[in-house]
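The values are calculated or read from the model by the stated rules, or taken from the named source; none is laboratory data. For clarity, every value in this text was computed on a predicted model and none was experimentally measured. Neighbour counts are summed over all protein chains in view; Cβ atoms, including those assigned to glycine, are modelled from backbone coordinates with ideal geometry. Surface accessibility is based on the protein's heavy atoms, side chains included, excluding ligands, DNA and RNA. Shrake-Rupley method; radii C 1.70, N 1.55, O 1.52, S 1.80 Å.
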Amino acid sequence: ELDPVERAFQERIDAGQKVEPKEWMPEGYRKTLVRQISQHAHSEIVGQLPEGNWITRAPTLERKAILLAKVQDEAGHGLYLYCAAETLGISRDEMYEQLHSGKAKYSSIFNYPTLSWADIGAIGWLVDGAAIMNQVPLQRCSYGPYARAMVRICKEESFHQRQGFDILMKMVKGTPAQREMVQDALNRWWWPSLMMFGPSDDASVHSAQSMAWKIKQNSNDELRQRFVDQTVPQAEYLGLTVPDPDLTWNEEKGGYDFGEPDWTEFFAVIAGNGPCNAERLNARQKAWNDGAWFRDGLVAHAEKMTSRRAA
Ligand code: FAQ
């Protein structure tokens, strides 16, 4: 049973009102948001690594400039999201510490390697595509700062998705070897992309409460279904085969039936045991450690300015 204050909070949520940083909120609401927003921020930052791997090897100067801009956008998304989380009373240092110690999660998808240029196309098309499907409803999240951060992020993700699709369009019109690279990329990225939406609804511990608080608007399975329905025709347009023998159009439901992702693999990846977890975490720890001299310099400078003002 909710106490009167919590009931009043829930009534405001039910009425579609936004919650703002200085207002009272249940501790569970605050914690859920800190968890989700910080994991989301970490995903944007760690998500720069797989694509960053190809900046030096992009096939043309134009593709390099576009990829550089995209990866830079992801850094920006991470920064807006860390700011949104900070409004809930957690510091950025604490969030970084949680990432670097392996305590905080980030999206499972970024623990897979980028083996060919087609992977960069596949990430834009599938990974940004899945991100948009998940994030468009988050623009209506009950917590104001998170909802507002999502508006610009979603616009940029749309550009990212198109750039990915454009890479693949070019490649499927190329040589048989290029078409094969694209099919191989789809084979490797399809299932991990479906896993981005989280565990199936019956295994999703947070969904019910998060939906009641309108932090989430849709369940994991609902969004996964929408993603499959949107993406399969795009795969057909590219002349590719989705690597799922159970994929069939279901006229009655007006959507596709599809196979189960390998949940054993999913839980292994989020527990830290995916193909690139150690490499990703090492890269972030190294970046943090390599930046120590700069942070020390900033602090020393700030101290000098304060003591000068005092003198
Ligand atoms: N990976 O009870 P639920 C991007 C965890 S897009 C890792 O269902 P919830 C853009 C979950 O945290 C990617 N962990 O959880 C980009 C929980 O663990 P906890 C980021 C996952 O929160 C593109 C446990 O499993 N997007 O970065 C995953 O209700 C290209 C139980 O799950 C967002 O974060 C997963 N896939 O629903 C960047 C969107 N799924 O915390 C660069 C915002 C679940 O209890 C390049 N987040 N877990 O230890 C969300 O919408 C939600 O948090 C979900 C999970 C849907 C991800």
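Confirm whether L67 is within 16 Å of the ligand (Cβ to nearest atom), open to solvent by less than 60 Å² (accessible area, probe 1.4 Å) and assigned to a helix (DSSP H, G or I). The answer is yes for L67. Scanning region 179-228 for residues that are away from the ligand (no atom under 12 Å from the Cβ), within 18 Å of G255 (Cα to Cα) and open to solvent by 70 Å² or more (accessible area, probe 1.4 Å) turns up just one, R226. Note on region 47-64: residues that are more than 18 Å from W125 (Cα to Cα) and assigned to a helix (DSSP H, G or I) total 4. Scanning region 53-67 for residues that are closer than 21 Å to A283 by Cα and within 22 Å of the chain's Cα centre (by Cα) returns N53, W54, I55, L67. Tallying residues that are open to solvent by 10 Å² or more (accessible area, probe 1.4 Å) and either under 11 Å from the mean Cα position of the chain (by Cα) or more than 15 Å from G52 (Cα to Cα) (or both) within region 109-127 yields 1. Scanning region 142-158 for residues that are open to solvent by less than 10 Å² (accessible area, probe 1.4 Å), in a helix (DSSP H, G or I) and of a type in the set (G, A, S), which turns out farthest from the ligand (Cβ to nearest atom)? The selected residue is G144.
Among the residues of region 28-50, those identified as in contact with an Asp or Glu (Cβ under 8 Å, 6 or more places away or on another chain) and open to solvent by less than 10 Å² (accessible area, probe 1.4 Å) are G47, P50. Checked against the criteria, D73 does not count as in contact with a His (Cβ under 8 Å, 6 or more places away or on another chain), crowded, with 16+ Cβ neighbours inside 10 Å, in a helix (DSSP H, G or I) and free of Cβ contacts under 8 Å to residues at least 60 places away in the same chain.
Here G174 qualifies as small (G, A, S), more than 9 Å from the ligand (Cβ to nearest atom), surrounded by fewer than 22 Cβ atoms within 10 Å (Cβ to Cβ) and within 26 Å of L115 (Cβ to Cβ). The residues on offer are F267, F258, and the sole one that is within 30 Å of K173 (Cβ to Cβ) and either at pLDDT 95 or above or surrounded by fewer than 12 Cβ atoms within 10 Å (Cβ to Cβ) (or both) is F258.
Return yes when W24 is closer than 30 Å to G121 by Cβ and not charged (D, E, K, R) and no when it is not. So W24 fails the test. Residues of region 283-311 that are within 17 Å of N53 (Cβ to Cβ) and surrounded by fewer than 12 Cβ atoms within 10 Å (Cβ to Cβ): K286 alone.
Would region 23-33 turn up any residue that is farther than 25 Å from Y106 by Cα and without any contact (Cβ under 8 Å) to a residue 12 or more places away in the chain? Yes, region 23-33 has at least one match. Scanning region 80-114 for residues that are in contact with a Cys (Cβ under 8 Å, 6 or more places away or on another chain) and part of a helix (DSSP H, G or I), we see that the one that is nearest to the ligand (Cβ to nearest atom) is F110.
Listed here are the residues, each with its yes/no results for (1) within 18 Å of Q225 (Cα to Cα); (2) not polar (S, T, N, Q).
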position: D246; (1), (2): yes, yes
position: W249; (1), (2): yes, yes
position: Y256; (1), (2): yes, yes
position: W263; (1), (2): yes, yes
position: N273; (1), (2): no, no
position: L281; (1), (2): no, yes
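Only one of the listed residues (H42, H77) is within 9 Å of the ligand (Cβ to nearest atom), farther than 20 Å from R140 by Cβ and not β-branched (V, I, T). That residue is H42. In the set Q139, Q161, only one residue is closer than 24 Å to V232 by Cα, assigned to a helix (DSSP H, G or I) and open to solvent by 20 Å² or more (accessible area, probe 1.4 Å); that residue is Q161.
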